[in-house]
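Please treat every number below as a calculation from the coordinates, not as lab data. Here the structure is a predicted model, which means the values were calculated and not measured. Positions of Cβ are generated from backbone atoms using ideal geometry, with glycine treated the same way; all protein chains shown enter the neighbour counts.
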Amino acid sequence: MGGAPLLNSVVVALAETGLDTVLMGNAAAAIQGAPVTAVDFDFMFRAAPVNVAKLKEFADRLLPPGVVSPLRVSVREAAWLSPS
């Protein structure tokens, strides 16, 4: 089966949520067509409260129906991420 369905789900979820992020590593290489053996994804995102909300939405989109996201940070709780 390979990792294509998972990688496609990640790309779609990133696009739909508008998460300000950079996908890197094997997942980024695989999306570009490179043969890879690992099925994982690494990304960096901008630490801003609005982006934290998008990160939670991104995680929720990848979970199967009925599974609750373990990510519990709200925009209000993430206010410390904003520059002073």
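Structure notes:
- Estimated at 0.36 nm per residue, the fully extended path between Leu63 and Leu6 surpasses their Cα-Cα distance by 19.4 nm.
- Residue-span extension gain [Ala13 to Ala34] - 0.36 nm each, minus C-alpha spacing: 5.4 nm
- Counted residue by residue at 0.36 nm each, then reduced by the alpha carbon distance between them, the extension gain from Thr21 to Arg46 reaches 8.4 nm.
- Net charge contributed by nearby residues that have their C-beta within less than 15 Å of Gly25 (K/R +1, D/E -1): -2
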